Amino acid sequence: GLNVTGQWNVGAVLLDMDGTLLDTERGYYDSLVAALHAHGYTDDTASLCEAMVGLPGPDCEAMLHARYGERFPLAEISRAFIANRDEFLSAGLPLKPGAVELLDALQAAECPMAIVTSSSLRTADAHLTLAGIRHRFDTLLTRDDVARGKPSPDLYLLAASRFGLQPEVCVAVEDSNHG
C-alpha cells in the first residue's frame, strides 16, 4: 500500500459521487423546490428538501406523503422535478471545488479509487460522463450491485473486496450522514 503520511496505510479511496465529486445537490434541490412551488406547495419547503438530500426516491416520496397527505400529487410533482432536473443537467454537470485536484493527486500517488454511490449504474455512468470524469474510474459500484444500499455498509464492503483489500485500509469520502 501507499504510505501517505508515515502513519496511514491507505489501500484504496472509495468516493461518493453526488455532493462529494459532483455538485448535483444544488440543482436537485432547486428543481424540487421549483416543482413544489409551481403546484402551490410554498410552506417551508427548504428544510423538507434539505432533509431529502442523499435519500433514495421511495424515502423522499414517503416524506412528501407524510407531510402533505395521501392526496399529494406525486406523479405531477415528479414529472415537474424531472423536467427541471434535466434542464439543469443539460448545461453540463458542475464538479465540486477541489474534485479534479483530489482525483489528480490520487492518480499521481497510484492509489486505487472507486465510485461508491446510491445512484443506479445508468445514472452514475451518465452523470460522471456529463461531468467529464467517467474515464478516471475503472470501478463503479452502485445500488444495482447490492441488495441494501447506503446507509448499509454493503457497497463499501463490496468495493474493498473488489480491490482484494480489508475494509480497514480503505478510506471512504462522503458528504452526507446517510452515506
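The values are calculated or read from the model by the stated rules, or taken from the named source; none is laboratory data. No experiment lies behind these values; they were computed from the predicted model shown. With ideal geometry, Cβ positions are generated from the backbone for all residues, glycine too; neighbour counts draw on all protein chains shown. Heads up: the accessible areas ignore ligands, DNA and RNA and are worked out on the full protein's heavy atoms, side chains in. Shrake-Rupley method; radii C 1.70, N 1.55, O 1.52, S 1.80 Å.
Taking the range 34-72, which residues are touching a residue at least 24 places away in the same chain (Cβ under 8 Å) and more than 26 Å from Glu174 (Cβ to Cβ)?
If the condition is that a residue be touching a residue at least 24 places away in the same chain (Cβ under 8 Å) and more than 26 Å from Glu174 (Cβ to Cβ), then Ala34, Ala35, Leu36, Ala38, His39, Tyr41, Tyr68 are the ones that fit.
If you go through the range 132-144, how many residues are open to solvent by less than 70 Å² (accessible area, probe 1.4 Å) and more than 13 Å from the chain's Cα centre (by Cα)?
Of the residues in the range 132-144, 6 are open to solvent by less than 70 Å² (accessible area, probe 1.4 Å) and more than 13 Å from the chain's Cα centre (by Cα).
Output yes when any residue across the range 78-97 is surrounded by fewer than 16 Cβ atoms within 10 Å (Cβ to Cβ) and more than 30 Å from Asp44 (Cα to Cα), and no when none is.
Within the range 78-97 (the criterion being surrounded by fewer than 16 Cβ atoms within 10 Å (Cβ to Cβ) and more than 30 Å from Asp44 (Cα to Cα)), the answer is no, since none of the residues qualifies.
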